Amino acid sequence: TFPMVDQVIVAVLDLSDRVYVVVESVVPTVLGAARLVTLLDGIGVRPDRQRVVVNRYTGGSDNLPPGDVGRRLGRAVDHVVPFHRRVAVAAN
C-alpha cells in the first residue's frame, strides 16, 4: 500500500481476508513494521488476519534473524523469502 493510511486503505484492509506485512530484516524497516502492526491492531485488523513475510533474507550478519523480527512485531514470521541476486536483477 501507499505509505500513508487513509480512508481508502482502511476500507481495503477491512475487506481483506489477509493482510501481509512484508518487511526486510533490518532495524529501521522492522521498527516501521512494528508501528504498522500497532496501527493495524488499532483499526481492527485482527492478528489472525495478519501475516508477516521477511523479504530478501540473506542469513548473514547484515540481517536480523526471523525470530527476532517476529518478537519485535509480536507476531510469528509466516514466510521467509531468501535473497537471490537473479531476482533483484530481474526486478530491475
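The values are calculated or read from the model by the stated rules, or taken from the named source; none is laboratory data. Values in this document were obtained by computation on a predicted structure and should not be read as measured data. Virtual Cβ from ideal backbone geometry, glycine too; neighbours counted across all protein chains shown. Each accessible area value is taken on the protein alone, full model and side chains, heavy atoms only, with ligands, DNA and RNA left out. Shrake-Rupley method; radii C 1.70, N 1.55, O 1.52, S 1.80 Å.
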Whose amide H sits under 5 Å from the amide H of V19, counting only residues 5 or more places off or on another chain, with H placed in the peptide plane? Q50, R51
Could you report the chain's accessible area per residue, 1.4 Å probe, as an integer in Å²? 69
Qualifying trypsin sites (Lys or Arg not before Pro) in the range 1-91, DSSP loop, other Cβ atoms within 10 Å at most 14: R18
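With +1 on each Lys and Arg Cβ and -1 on each Asp and Glu Cβ, how big is the dipole of the range 1-46 about its Cα centre, in debye rounded to the nearest 20?
Working: 3 positive and 5 negative charges, 18 e Å.
With Lys and Arg at +1 and Asp and Glu at -1, about 80 debye.
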What number in nm² do you get for the range 1-67 if you take the convex hull of its Cα atoms and divide its surface by four? 4.7
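Test of understanding: what is the full-extension gain from D48 to V89, defined as 0.36 nm times their sequence separation minus their Cα-Cα distance? Could you put the intermediate results ahead of the total?
Numbers: separation 41, 0.36 × 41 = 14.76 nm, distance 3.43 nm.
Contour length minus Cα-Cα distance gives 11.3 nm.
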Toy charge model, Lys and Arg Cβ at +1, Asp and Glu Cβ at -1: the chain dipole around Cα centroid in debye, rounded to 20, equals 220
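Subtract the Cα-Cα distance of N55 and R71 from 0.36 nm times their separation in residues, and report this length gain in nm to one decimal.
Details: separation 16, 0.36 × 16 = 5.76 nm, distance 1.64 nm.
Difference between extended and current length: 4.1 nm.
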How much of the accessible area of the chain, in percent, comes from carbon and sulfur atoms when a 1.4 Å probe is used? 57
